[in-house]
1. Just the residues that are surrounded by fewer than 20 Cβ atoms within 10 Å (Cβ to Cβ), farther than 27 Å from A:VAL22 by Cα and of a type in the set (Gly, Ala, Ser), please, taken from region A:147-189.
2. Restricting the search to region A:158-188, which residues are at positive phi and at the interface with chain B (Cβ under 7 Å from one of its Cβ atoms)?
3. Give region A:24-48 a look and list any residue that's in a helix (DSSP H, G or I) and either more than 28 Å from A:VAL70 (Cβ to Cβ) or within 12 Å of chain B (Cβ to nearest Cβ) (or both), or say none.
4. What residue, among those in region A:161-186 that are aliphatic (A, V, I, L, M) and out of contact with any helix residue (DSSP H, G or I) (no Cβ under 7 Å at 6 or more places or on another chain), is nearest to A:GLU85 (Cα to Cα)?
5. Within region A:117-142, count every residue that is over 15 Å from A:LEU33 (Cα atoms) and either modelled with pLDDT of 90 or more or basic (Lys, Arg) (or both).
6. For region B:200-239, enumerate the residues that are in contact (Cβ under 8 Å) with a residue 24 or more places away in the chain, among the charged types (D, E, K, R) and within 14 Å of chain A (Cβ to nearest Cβ).
7. Need pairs with beta-carbon distance below 7 Å; first residue at negative phi and within region B:12-23, second surrounded by fewer than 16 Cβ atoms within 10 Å (Cβ to Cβ) and assigned to a helix (DSSP H, G or I); sequence gap 6+ or separate chains.
8. When only residues in region B:66-116 that are of a type in the set (Asp, Glu) and at pLDDT 70 or above count, which is nearest to B:VAL31 (Cα to Cα)?
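The values are calculated or read from the model by the stated rules, or taken from the named source; none is laboratory data. Only a predicted model underlies this, so the values are computations on that prediction, with no experimental measurement involved. FYI the Cβ positions are ideal-geometry reconstructions off the backbone, even for glycines, and counts take in every protein chain you see.
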Amino acid sequence: MTSPEASPRSVSQMPVAEGKSVQQTVELLTRKLEMLGAEKQGTFCVDCETYHTAASTLGSQGQAGKLMYVMHNSEYPLSCFALFENGPCLIADTNFDVLMVKLKGFFQSAKASKIETRGTRYQYCDFLVKVGTVTMGPSARGISVEVEYGPCVVASDCWNLLLEFLQSFLGSHTPGAPAVFGNRHDAVYGPADTMAQYMELFNKIRKQQQVPVAGIR
Amino acid sequence: MADVLSVGVNLEAFAQAISAIQALRSSVSRVFDCLKDGMRNKETLEGREKAFIAHFQDNLHSVNRDLNELERLSNLVGKPSENHPLHNSGLLSLDPVQDKTPLYSQLLQAYKWSNKLQYHAGLASGLLNQQSLKRSANQMGVSAKRRPKAQPTTLVLPPQYVDDVISRIDRMFPEMSIHLSRPNGTSAMLLVTLGKVLKVIVVMRSLFIDRTIVKGYNENVYTEDGKLDIWSKSNYQVFQKVTDHATTALLHYQLPQMPDVVVRSFMVAVTKIRLAVPPKHGARDGERPQKSQTAVVPVCWSSLLPAPVKRAEFGNPVIRPSVACSRTPRFTPRKSADAASQDSPPPQG
């Protein structure tokens, strides 16, 4: 079965502006996008739950349990993504969540691990920009920015164009090339790569300190 | 002035005729004066009547005489020369009545304008002929009667021949694959796939390219029936622009006598759709090649058309494309009014 193809996206984090809350920074960004000429096109949501392998399944050597992330993306409403840190990514349908309940013996959900990002989508020519507030529980922890370039299918070809576009509205906060882009040249980009980027982003935000001026969602 | 001028009128006789008219007028008015005065006073009635009648007769005779003189002179005057160039419109200019429409002056202006137009058109055609814009191979100056009729042979080709030509071109380019189908009768529809970048749908009429649509690699090119969708445009603006470029290319290559050369040139142009990011960013990213065959940003379009294609099999060179380069617009962000976001100015488009 051929892997599904998707348009290359770059997922990055935008640092909160000094002296402002998360909410205000998001508003700043969306206002900039609107002045650029982008049109609002609904909302999006990406969420992630962490599971770790249950202690009973660990061998006698006491190897560390692996972490598994179960993610959903509103762009693919009928799918569920399960991925390991550096491992494979499984794309299943939404019944997978129910399956995870059944697999309680093997995978246990980490406490308070649910992290999600919600925000609005903007369409600008062939680009799709999603600016979302990353929240863990009740507190806003950061800002995620995802940019997708529609016409392309091979990631390494359009990275420079994405970079130029990101610079036009992120300025100095433009990220570097995502790891998934550099891995395989001329390979077709897929939804699994997007979810891997989100997973990295969420992990980074989790490790960060809480934002000092916590904005109320 | 006894000499006859070029207008052909005898001017002396004309002057004499005018004075003859004056004489005639005065004699006619004398007649009426006589009638008005009536009979003069004489001794007897007969005397008065006789005098009156004699006077009256004298006046009538003088009128007769003057009229004859006038007729004689008018014959001498002669008609104005018949070869005046204005003919009827000249007569229009003599009309003293001032109409609401100044017909004659407008006529003159229209005539002057058409003369100027003809002159300028002659100059323009001379200049244009220096740069040959002809799309056909016909020689210049061949009149319509002598122009050879369009060979019907190039329009009616056996489908097998078309298939052969297409498969030959398919083998020429490794990165391009052509799939031929005939869903609607005898006209061929090609689905050209270029690497993992784009798909081109080419609608043909025998061996002439009729229309072309460029779509992205991930877009659906089939309708719900499973047939090739030859009408819907691409969803992406960049490929809509590339469609315009490809259409211009197919309009540019026109050789009615050698359609397979045209198809080959068009395919070469398609493979050369170089869509590269501007060099200043290519330099920053070391691992990415400057101009990849399969990158996706529209660029200066003189690179879309190739250098003259190698001589075709039967030895005739292909016409060289000569199109000016034009920059395709890149997105230009409007200036942000936020004071907080002045980290770096947006790149100038």
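1. If the condition is that a residue be surrounded by fewer than 20 Cβ atoms within 10 Å (Cβ to Cβ), farther than 27 Å from A:VAL22 by Cα and of a type in the set (Gly, Ala, Ser), then A:GLY182, A:ALA187 are the ones that fit.
2. Scanning region A:158-188 gives a single hit, A:GLY171.
3. A:GLN24, A:THR25, A:GLU27, A:LEU28, A:LEU29, A:THR30, A:ARG31, A:LYS32, A:LEU33, A:GLU34, A:MET35, A:LEU36
4. Initial filter on region A:161-186 (aliphatic (A, V, I, L, M)): A:161-163, A:166, A:170, A:177, A:179-180.
Okay, now just the ones that are also out of contact with any helix residue (DSSP H, G or I) (no Cβ under 7 Å at 6 or more places or on another chain), so A:161-162, A:166, A:170, A:179.
Numbers: A:LEU161: 28, A:LEU162: 25, A:LEU166: 27, A:LEU170: 28, A:ALA179: 13 Å.
Restricting to residues being aliphatic (A, V, I, L, M) and out of contact with any helix residue (DSSP H, G or I) (no Cβ under 7 Å at 6 or more places or on another chain), the top hit is A:ALA179.
5. Going through region A:117-142 one residue at a time, the tally reaches 6.
6. Within region B:200-239, just B:LYS215 meets the criteria.
7. What qualifies is B:ALA13/B:LEU76; B:ALA17/B:SER74.
8. First pass over region B:66-116, keeping only residues of a type in the set (Asp, Glu): B:66, B:69, B:71, B:82, B:95, B:99.
This time we only want the ones that are at pLDDT 70 or above, so: B:66, B:69, B:71.
Working: B:ASP66: 13, B:GLU69: 18, B:GLU71: 20 Å.
In this case the residue turns out to be B:ASP66.
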